[in-house]
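To keep things clear, I will list the structure first and then write my remarks on it.
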Amino acid sequence: GRGHACLAGASEPSPCPLGMFAPSTTLEECTECPLGTFGNTSQLSLCHACEFEIPGSTTIYLGRQSSEDCQCAVNDYLSRTDEGAVVGCIACLDGLHCPGGLGPPLQAAGFHAGKPLFLG
């Protein structure tokens, strides 16, 4: 059935392991979850989309097994509300350096943030 592959010489279909899926019942092998998805359980017929975990996020490798592998791509940063709630991955703005991941944007070389709001 779905989520299983019929390996050559096997008498029964084998369940797809974590990070892999089989969308049809006729596949001879399981396929790695594509970029932007993950497979956190075995026997999947479809991998889970990172978009539903963090809007705009992806994975940097195929076959990821956890939602914790979802992150912002290079040139994006993780935006949060003032209360700290995740908004999603947002395109990097001028003057910022965004290496990807789940961190805030960094100041790009040659740019400054302007006059400090307070002196400490």
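The values are calculated or read from the model by the stated rules, or taken from the named source; none is laboratory data. Since the model is a prediction, treat every value here as computed from it, not as a measurement. Note that each Cβ is placed from the backbone with ideal geometry, even for glycine, and that neighbours are counted across all protein chains shown. In case anyone asks, the SASA skips ligands and DNA or RNA and just uses the protein heavy atoms, side chains included. Shrake-Rupley method; radii C 1.70, N 1.55, O 1.52, S 1.80 Å.
May I ask for the net charge around THR58, where only other residues with Cβ less than 12 Å from the Cβ of THR58 are counted and Lys, Arg are +1 while Asp, Glu are -1?
Working: positive: ARG64; negative: GLU51, GLU53, ASP69, ASP76.
Result for the neighbourhood of THR58: -3.
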**Request:** Heavy atoms only, probe 1.4 Å: what % of the accessible area of the chain goes to carbon and sulfur, would you let me know?
**Result:** 56 percent
**Request:** Just need the relative contact order of the chain here, percent rounded to a whole number, with Cα pairs under 8 Å and 6+ apart.
**Result:** 17 percent
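Quick one: accessible area per residue over the chain, 1.4 Å probe, rounded to a whole number of Å²?
Numbers: 7940 Å² over 120 residues.
Normalised by residue count, the accessible surface of the chain is 66 Å².
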**Fill in**
Simple spin-label estimate for LEU35/ASP82, 7 Å along Cα→Cβ, in nm, reads 3.7 nm
**Message:** When 1/r is averaged over all different Cα pairs and the result inverted, which Kirkwood radius in Å belongs to the chain?
**Reply:** 16.4 Å
**Item:** Simple label model, 7 Å out from Cα along Cβ direction - GLU68 to LEU96, nm
**Value:** 2.6 nm
**Asked** How big is the charge dipole of region 28-120 about its Cα centre, in debye rounded to the nearest 20, if each Lys and Arg gets +1 on its Cβ and each Asp and Glu gets -1 on its Cβ?
**Response** 460 debye
**Message:** Using amide H atoms built in the peptide plane, which far-off residues or other-chain residues are under 5 Å from ASP76 H to H?
**Reply:** CYS92, GLY100
